[in-house]
Structures are given as structure tokens and as C-alpha cells.
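Have a look at the structure below before the remarks.
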Amino acid sequence: MALKPLILTVNGGSSSIKFSLCEPPSGADARPRAAVRGSVERIGLPGTTLTYDGSDGPIEIDGGSHGDAARTLIEHIEKLLGGVSPIGVGHRVVHGGLHYQDHQVVTDELIAELKRTQPLDLAHLPREVALIEEFRAGFRGVPQVACFDTAFHRGLPRVAQLLPIPRRYADAGIRRFGFHGLSYSYLMGELRRVAGEDAANGRVLLAHLGSGASMAAVKGGKPVDTTMAFSPTAGLVMGTRPGDLDPGLLVYLMRTEDLTWEQMDDLVSNRSGLLGLSETTYDMRDLMERRAHDARAAEAVDLFCYQARKFAGAYAAAMGGLDTVVFAGGIGEHSPEVRARICEGLEFIGLHLDPAANAASASLISDETSAVTVRVLHTDEEIVIAQAVFRIVTEGRQRISPGDR
């Protein structure tokens, strides 16, 4: 099907690639709108499939690697575009490294820097760089934009950025980076849209809860603190990541089990968190079903809710109070019981849920007596990526006069 010029977004996961084709914003306050969404699933596994809006069900493709899947995906996207080049291609990149603090046009220099800094995030950066290279080759001449999850947190107060390790590391750029920034950018915009400027400029706790989970404190529209730190393994317990750990424990395990750094990375990236605690699954839905007869599953759920409640209290203290809580992500949007258990015990700051609204996963789940407004919002990272691409590409064209072309 032929479409007018659109913005292409690419979001690579461990075994998937999500994409969207977005219409550019049409007004000063407008934002892009997704015309087509799709995904490639089960990359590296038997039965790799591509689906997208308007397709006749899943399409089996060659998905032995992300590169194989990307090349086939590009062919299908070209057909969807009807021969019209996209305005730009935006890539979700989890980590901007030590130097990139805002979304950037992809250049050879940026690619080289991301490759040099891959050890910062071996779970994401190698795959993301490979996807950028495939789409640069597939859409030659089309601007490519790297959209960093760390960009939202670039304005963190100095005290929140500091890590208590020798000063020379901070001088080299090592600090709390924070992640899930594309999600948080969207949620703040959505909060402003549904609740107004006063709510968005108040004391806001954002909870992006899924297989990867984090929370962020935002006051006056600016980030104050966030649970993830130098890497996405810090903060809340997650699906396969432990969150905050005593660093002495890691030293002890490396010494007593003679672990290499690769084995330690595998332990904290792939074998810990809810999976490590339950020894069966990292999926919160499965854990909730099993907890009645599986103490390990019950304890995994207990710890997740306890830690989230603890961070909520800490961030209320950091902001001098709390006006709004926003739940998002797979767990945050779809698990009423987890939301309720996180909020239990927060009555002391005036937070009260409406049980019926919470059970229905309504957009507003606090009751009329609550001093803290609690909302459930669907997050949309692709819209934020498309908006960044449109802004950067448009600004770039405005800087070039007709005589310079």
C-alpha cells in the first residue's frame, strides 16, 4: 500500500524488533500518530514471524539473527511505503554512553563511539548498533537518529548523579545515567495532556514496571532521581536483573565461585531477579498464578511490591511530598493486585486507591479522598522516537539554506 512520507521507528529487543510508521505532527501542539505498527518475534528461535497492521496474519521469515530479520523487515517496510522514502529513521538506543546526553543524528563517529562503549551495556548496545547499521544500509541517504533512553535523565541534580566511588571515575564520566527515558518522556507528555500543566509540574512519581522495571521522581517537570543507575541492572528487582545489590556480595561470589566477568554479567543480567528468586519464571502473570502453591513465586511477588513501595516512599521524601503517581509498562498497566500492594502502606502520605477503578485498570484509580492522584497510563516509546526524529530532521533542513544544498 502506498503511503505519504512517514517516520520509521525501530526498537530492538533481545528476540524481537518492534517498528512503526508514523505520520508527522501537523500542528504546534500535535504529536506524531502511528499509521502502521508491527514486530518481528522469536528472532534466533524456530518460527520467526513478522506481523504488522493490515497483514494477513504472521509471516514466517528468516530470523536466525537480528541482521537477517532486519534485512527482511526492510523489504516489507519498503513495500508498505510504496517506494516513498521515510522522512527519517529513529532508533531506540538504551545507552548514550559517557558522552551523548541527547538524541543525535547517526554519523560514522557516533557509531564508532557506541562500539567503543559497548562494554557499558553488553545486553543492548551490540544489538542496537547492528540494527542501526542494517537500516543505514537499507535506507541510504535517509537521516537516521539515535534516541537515547538516558537522555531524559541528563538534567538530574548533581547529588543524584554522583556515585560514591573514587573521584577519578566521576571525572571520567561514570555516574548515574538512568534509563526508560523514552517511556518517561511520553508519560510526562501524556500526564500534561490528560491532567494539565499543574499536574505535570507537580511532584510526580513515574513507575515503568515490566520485565525491566524502574521508577523516576520528577518535580517541576524536571528529573530528580531514578532507580536505575550506571546500568539498567540497578534499582528495583526485575524479571532477570537483581536491582540494587550489596557490592560485597558480587565480590564474594566472584572469589568463592571463581567467576569471570562474563559469568558475572550473565548472572546479573539473565539469571537473577524474579527468575532467580522463583527458579521457574520471570513473568509476573505466571508468578501471580503460582504463588498460592509455590512459596518461591510468592516471595518473588512480595519482594517486587515491597521494593517498589519502598522507593515510592523514598522519592516522596526526595521531592518533599507526592502529588501524582503514574503506573505504566506491562505490569504497571495490567496488574491491579500489584498496583494495590505497592500502594498499601502509603496512606500516611494521603494515597488511597479506589478498589473498583483499580480492578478495572481505569485511567484514574485513586479515590475522591486521596491527596495523591494515581493514574494508569499506556506508554508509547515509538511516538517519542518519531517526535525526536521529526524535530531533528526539520531543524537540520532549516539550518541549510537553498544555496547550500
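The values are calculated or read from the model by the stated rules, or taken from the named source; none is laboratory data. All values reported here derive from a predicted model rather than from experimental measurement. A quick note on method: Cβ atoms are made from the backbone with ideal geometry, for glycine too, and the neighbour counts reach across all protein chains shown. Quick note on the areas: whole protein, heavy atoms, side chains included, nothing else; ligands and nucleic acids left out. Shrake-Rupley method; radii C 1.70, N 1.55, O 1.52, S 1.80 Å.
Filter segment 216-236 for residues that are in a strand (DSSP E or B) and either in contact with a strand residue (DSSP E or B) (Cβ under 9 Å, 6 or more places away or on another chain) or open to solvent by less than 10 Å² (accessible area, probe 1.4 Å) (or both) and give the result.
Ala216, Ala217, Val218, Lys219, Pro223, Val224, Asp225, Thr226
Identify the single condition in (1) surrounded by 15 or more Cβ atoms within 10 Å (Cβ to Cβ); (2) touching a strand residue (DSSP E or B) at 6+ places or on another chain (Cβ under 8 Å); (3) assigned to a helix (DSSP H, G or I) that Gly396 does not satisfy, given that it satisfies every other one.
Checking Gly396 against (1) surrounded by 15 or more Cβ atoms within 10 Å (Cβ to Cβ); (2) touching a strand residue (DSSP E or B) at 6+ places or on another chain (Cβ under 8 Å); (3) assigned to a helix (DSSP H, G or I), the one that fails is (1).
Within segment 239-269, which residues are in a loop (DSSP other than H, G, I, E, B) and either acidic (Asp, Glu) or free of Cβ contacts under 8 Å to residues at least 40 places away in the same chain (or both)?
Result: Arg241, Pro242, Asp244, Leu245, Asp246, Asp258, Leu259, Thr260.
If we keep just the residues of segment 6-34 that are closer than 17 Å to Leu131 by Cα and part of a loop (DSSP other than H, G, I, E, B), which is least open to solvent (accessible area, probe 1.4 Å)?
My answer is Gly13.
Starting from residues that are hydroxyl-bearing (Ser, Thr, Tyr) and in a strand (DSSP E or B), keep the ones in segment 352-393 and report whichever is least open to solvent (accessible area, probe 1.4 Å).
That would be Ser366.
So, His208, is that one out of contact with any Asp or Glu (no Cβ under 8 Å at 6 or more places or on another chain), open to solvent by less than 60 Å² (accessible area, probe 1.4 Å), modelled with pLDDT of 95 or more and assigned to a helix (DSSP H, G or I) or not?
no
Please state which of the following conditions Ile349 fails to meet, knowing it meets all the rest: (1) open to solvent by 30 Å² or more (accessible area, probe 1.4 Å); (2) more than 20 Å from Leu364 (Cβ to Cβ).
Going through the list (1) open to solvent by 30 Å² or more (accessible area, probe 1.4 Å); (2) more than 20 Å from Leu364 (Cβ to Cβ), Ile349 breaks only (2).
Considering each residue of segment 133-160, count those that are within 22 Å of the chain's Cα centre (by Cα) and without any contact (Cβ under 8 Å) to a residue 60 or more places away in the chain, and give that number.
Residues in segment 133-160 being within 22 Å of the chain's Cα centre (by Cα) and without any contact (Cβ under 8 Å) to a residue 60 or more places away in the chain: 8 in total.
Output the residues belonging to segment 303-318 that are more than 20 Å from Val159 (Cβ to Cβ), open to solvent by 20 Å² or more (accessible area, probe 1.4 Å) and aliphatic (A, V, I, L, M).
Answer for segment 303-318, where residues must be more than 20 Å from Val159 (Cβ to Cβ), open to solvent by 20 Å² or more (accessible area, probe 1.4 Å) and aliphatic (A, V, I, L, M): just Leu303.
I'm checking my understanding of the structure. Among residues of segment 59-86 that are assigned to a loop (DSSP other than H, G, I, E, B) and surrounded by 15 or more Cβ atoms within 10 Å (Cβ to Cβ), which one is modelled with the highest pLDDT?
Pro86
What pairs can you find where one residue is in segment 300-312 and over 13 Å from Ala216 (Cα atoms), the other is of a type in the set (Lys, Arg) and outside any helix (DSSP H, G or I), and their Cβ atoms are less than 7 Å apart, with a gap of 6+ or different chains?
Within 7 Å, the pairs are Val301/Arg291.
For Ser55, state whether it is within 17 Å of Asn11 (Cα to Cα), open to solvent by less than 50 Å² (accessible area, probe 1.4 Å) and of a type outside the set (Asp, Glu).
It is false that Ser55 is within 17 Å of Asn11 (Cα to Cα), open to solvent by less than 50 Å² (accessible area, probe 1.4 Å) and of a type outside the set (Asp, Glu).
So Asp149 passes all but one of these: (1) surrounded by 21 or more Cβ atoms within 10 Å (Cβ to Cβ); (2) at positive phi. Which condition number does it fail?
The failed condition is (2).
Return yes or no: is Pro164 open to solvent by less than 30 Å² (accessible area, probe 1.4 Å) and either among the basic types (Lys, Arg) or within 30 Å of Ala300 (Cα to Cα) (or both)?
no
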